[in-house]
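Notes follow the structure.
The values are calculated or read from the model by the stated rules, or taken from the named source; none is laboratory data. Quantities reported herein were computed from a predicted structural model and do not represent experimental measurements. Virtual Cβ from ideal backbone geometry, glycine too; neighbours counted across all protein chains shown. SASA here: full protein model, heavy atoms, side chains in, ligands and nucleic acids out. Shrake-Rupley method; radii C 1.70, N 1.55, O 1.52, S 1.80 Å.
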Amino acid sequence: MRIALIAFCFGVWLLQQQASLPSVRWLWLLPLLSAVLLLPRLSHRPFEALRRLGVALLCAALGFAWAAWRADLRLADGLPDHWQGVDLSVVGVVGDLPQIDARGERFVLDVERVVTPHAPALQRIQLTRYWPDEAAPGPTVHAGERWQFTVRLKRPYGTHNPHGFDLEAWMLERAVAASGYVREQPLPRRLDARAATPTAWIAATRAAIRQRIVATLGDAPYAGVIAALVIGDQRSIPYAQWRTFTRTGVNHLLSISGLHVTMIAALAGWAVAFGWRRWPRAAERLPARQAGLLAAVLAASMYAVLAGFQVPAQRTLFMLGVLALAFWGRREPRPFSALAWALFAVLLIDPWAVLSAGFWLSFGAMAAILWVTFGRVALPGRLRAWGSVQAAVTLALAPVLLLLFQQVSIVSPLANAIAIPVVSWLVTPLALLGVVVPPLWHAAAWAMAWLGQGLAWAASLPWAVAVRPAPDQGATLLAVVGTVWVLLPRGFPLRALGGVLWLPLAFPLNAGIPPDTFEADVIDVGQGTAVLIRTVHHTLLYDTGPAFADSDAGERIVGPYLRASGVGELSGVIVSHDDSDHSGGLLSLLRDVPTGWLLHGLPAASPLLAAAPSPRHCHRGQHWQWDGIRFEILNPPLAAYAESNRRDNDYSCVLKVSRSGQSLLITGDAERRGELELLESGADVAATVLVVGHHGSRTSSLDEFVKQTHPRYGVFTVGFRNRYGHPHPQVMARFRERDVRMLRSDSGGLIKLTFGEAGVVASEYRPSNRHYWHAENYDE
């Protein structure tokens, strides 16, 4: 049965790797495969092996078909193209905890009715309600309320970079059909303070608990951690704390982990069984052991729902259910079977769970624990067993962590050995009891603050985290197999040879950049610019992407891409000018990535320069050479910084990178004045590739400038359906007239440009890495 369940789950995973949903015509194979069920069981081993293989293939096909059917239903709820950017009137219930930032509040609306005639029926949308002015009035929308809004929506569409966050997959899993913002005219109306639906009741309960935590703890440093442990609101945890938890490998404890659910179930089951035995009349009708099992499963269910029913909680709840049924029926519990049933149940409910990191880490950690603890003949002492489990989990999850996050905590075993008992048996019980007795939240926060000091010290160790470039899937799979081999019971022959399978992961063969060659990666940061330029031994980042309401591109996009690409430090950074879509990620990158120097077009008093290493204004005449590649700044002139009436965009640092007749020209947001200065300066502006100025705005790319640069490729760094209408149709027409091949980050994702002996080779990430949920439309 375990093989059949795992095969079904494999079929679900396989569907999520497809670029498009399969045709229904292949379903005729299912009746054919089902014929294997009619084959008799025989003692002949080869025949029986073939029969089992047929059953496994049937289950895999069923999993594939199940996931395809669910995906087809989910995608059918999408927003039609012609309804994007159109005002819609909707009535719905706020179904999750609203998130508040400096610009407004973001929330999920479970749509009950679309008022606009002939509009598409939508089930769930994500909305942002912006504050009317700079002074935030405080939250106006609360979980569980029913509202009528006028909204403007667009399809889910995120950035597309190797090893980057897939927004469209994330929203598909959460059944969010579209995202957009609330229009303030006509004025939004609250129809009910609390809608009479189970979802609304749960959301309102979670919101009320969060509000009580905030009111009780105020601005206590670890108030966000307490909220995460009680109601699963991980977004309340500040970035600095998350960074500490990640570097020490204890971040799984600060979400609703399976360990917490198990602990709550164990305490509830023990308490009920203890009391049941002292109630003779009840014990006569139902044995205390079975009463305790019911209480354990019920408590785990309530906690999992309260905490948002995340994948680790689902996995633990389903495993507890299977084991409880085994104990109830007085059967021998089989933990591996329980894990397989939990895996099957999670993917039956949510086929897209395989796309989340939490799925692999949760099931991987539990599989490693079972592998090194159950079925062993020689049982070690408690302390040694605890250490073995911590080491096994760290080793087992290392390949997955390197694949997903390109880093693994070295101090994790020691940190978890201390943090697990403190968080699971002290902080979490106090936090949950605080729902009834709020002052206990102060005790929980104090204990967490004490633990946090030790974790902060461990995270500050220079060797706390091992960072590696993103490995390929083949090397990761070999390392996983090697881990299984190494963790076999003592006495198994040639156990140490499992370490050999780790070699491709530990020592990857990276191609590197050939001499006299440079690469430019135009990173997809949405409406903004970030270009990574690499030679044999040096790395330069031109611009750092935009700032967001609660984060920035440096933290979310550029930094992770640098880590995945094996860029551990930057030789230099250029911030073209003082616009947040170019400079927004600077501080995060300076904090996380060692940087040699900074050239910039920022005001001298800019706060961004406080943490910058060796900051200097960029100006015409600056040039240097790295590994045979020439870099030169063509604009602005040095005298420009004394001008008071110059627009910010025309301070843009214009960079040209050249090699053997090939060149890359990046003009930032330089407008008409900046381009005329370039033409009048006599500088050689001809370029093989031009990163089009100001994202294709009609204030840039003058006809004469396009004529003089005469690029083979024109690269537009634009966000999907951006509010500025970039790139402008007139600008696009100028490049078309000159047969320039145009590449756009909104449709192509990351654009990789290689300047070498074979000429300029350009490639786009998104078209070659599509999945069936990725939107196909974009504006041209």
Among the candidates PHE344, PHE327, PHE309, PHE336, residue that is on the phi > 0 side of the Ramachandran plot and open to solvent by 40 Å² or more (accessible area, probe 1.4 Å): PHE309
Picking from VAL525, VAL573, VAL558, VAL536, the residue that is in a loop (DSSP other than H, G, I, E, B) and buried (at least 19 other Cβ atoms within 10 Å of the Cβ) would be VAL525
Run down LEU432, LEU426, LEU395, LEU440 and say which single residue is of a type in the set (A, V, I, L, M) and farther than 22 Å from LEU267 by Cα. LEU395
Only one of (1) open to solvent by less than 40 Å² (accessible area, probe 1.4 Å); (2) of a type outside the set (Ser, Thr, Tyr); (3) farther than 30 Å from ASP166 by Cα; (4) at pLDDT below 80 fails for ARG382. Which number is that? (1)
When the range 589-601 is examined, which residues are found to be touching a helix residue (DSSP H, G or I) at 6+ places or on another chain (Cβ under 8 Å) and either open to solvent by 10 Å² or more (accessible area, probe 1.4 Å) or among the basic types (Lys, Arg) (or both)? ASP592, VAL593, THR595
When restricted to PRO508, PRO514, the only residue farther than 30 Å from GLY661 by Cβ and outside any helix (DSSP H, G or I) is PRO508
Is it the case that LEU608 is surrounded by 18 or more Cβ atoms within 10 Å (Cβ to Cβ) and at pLDDT below 95? yes
If VAL481 passes every condition in (1) open to solvent by 70 Å² or more (accessible area, probe 1.4 Å); (2) within 25 Å of SER424 (Cβ to Cβ); (3) not basic (Lys, Arg) but one, which one does it miss? (2)
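Residue by residue, here is whether (1) assigned to a strand (DSSP E or B); (2) without any contact (Cβ under 8 Å) to a residue 60 or more places away in the chain holds:
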{"position": "VAL111", "(1), (2)": "yes, yes"}
{"position": "ALA121", "(1), (2)": "no, yes"}
{"position": "TRP147", "(1), (2)": "yes, yes"}
{"position": "HIS160", "(1), (2)": "no, no"}
{"position": "GLY164", "(1), (2)": "no, no"}
{"position": "ALA169", "(1), (2)": "no, no"}
Output the qualifying pairs, or none if there are none: Cβ atoms under 9 angstrom, residues six or more apart or on different chains, first residue in the range 629-651 and more than 10 Å from GLY674 (Cβ to Cβ), second residue aromatic (Phe, Trp, Tyr). ILE629/PHE518; ILE629/PHE755; ARG630/TRP624; PHE631/TRP624; GLU632/TRP624; TYR641/TYR651
Here are the criteria: (1) surrounded by fewer than 23 Cβ atoms within 10 Å (Cβ to Cβ); (2) touching a residue at least 24 places away in the same chain (Cβ under 8 Å). Tell me which single one VAL389 does not satisfy. (2)
Which is open to solvent by less than 10 Å² (accessible area, probe 1.4 Å) and either modelled with pLDDT under 95 or small (Gly, Ala, Ser) (or both), of GLY693, GLY661, GLY682? GLY693
Out of all the residues in the range 218-238, which are touching a residue at least 24 places away in the same chain (Cβ under 8 Å), closer than 22 Å to ASP550 by Cα and not aromatic (Phe, Trp, Tyr)? ALA220, PRO221, ALA223, VAL225, ILE226, ALA228, LEU229, ILE231, GLY232, ASP233, ARG235, SER236
(1) more than 18 Å from the chain's Cα centre (by Cα); (2) closer than 19 Å to LEU609 by Cβ: which one isn't true of THR539, the others all being true? (2)
Testing GLU704 on (1) closer than 22 Å to PRO636 by Cα; (2) assigned to a loop (DSSP other than H, G, I, E, B); (3) open to solvent by 10 Å² or more (accessible area, probe 1.4 Å), one condition comes back false. Which one is that? (2)
Name the single residue, out of those in the range 200-222 being part of a helix (DSSP H, G or I) and open to solvent by 70 Å² or more (accessible area, probe 1.4 Å), that is modelled with the lowest pLDDT. TRP201
In this structure, does ILE420 turn out to be in contact (Cβ under 8 Å) with a residue 40 or more places away in the chain, open to solvent by 10 Å² or more (accessible area, probe 1.4 Å) and within 14 Å of HIS252 (Cβ to Cβ)? yes
Which of the residues that make up the range 348-369 are modelled with pLDDT of 85 or more, surrounded by fewer than 21 Cβ atoms within 10 Å (Cβ to Cβ) and over 22 Å from the mean Cα position of the chain (by Cα)? LEU348, ALA367
Collect the residues in the range 748-758 that are touching a residue at least 12 places away in the same chain (Cβ under 8 Å) and either open to solvent by 20 Å² or more (accessible area, probe 1.4 Å) or aromatic (Phe, Trp, Tyr) (or both), keeping them in residue-number order. LYS752, THR754, PHE755, GLU757
Taking the range 435-465 and the residues there that are over 24 Å from GLY232 (Cβ atoms) and out of contact with any helix residue (DSSP H, G or I) (no Cβ under 8 Å at 6 or more places or on another chain), the one that is surrounded by the fewest Cβ atoms within 10 Å (Cβ to Cβ) would be PRO462
With the structure loaded, tell me whether PHE327 is assigned to a helix (DSSP H, G or I) and at pLDDT below 75 or whether it fails that test. yes
Wholly within the range 223-297, helices (runs of 4 or more DSSP H) carrying at least 3 residues that are crowded, with 20+ Cβ neighbours inside 10 Å: 223-231, 239-248, 258-277
Need a quick list: strands (runs of 3 or more DSSP E) entirely within the range 729-780 having at least 3 residues that are among the hydrophobic types (A, V, I, L, M, F, W, C) and more than 20 Å from PHE165 (Cβ to Cβ). 759-764
Subset of the range 175-199, residues in a loop (DSSP other than H, G, I, E, B) and either aliphatic (A, V, I, L, M) or farther than 18 Å from GLN123 by Cα (or both), comes to ALA175, VAL176, ALA177, GLU184, GLN185, PRO186, LEU187, PRO188, ALA193, ARG194, ALA195, ALA196
Criterion violated by ALA71 - all others in (1) open to solvent by less than 20 Å² (accessible area, probe 1.4 Å); (2) over 17 Å from GLU168 (Cα atoms) satisfied: (2)
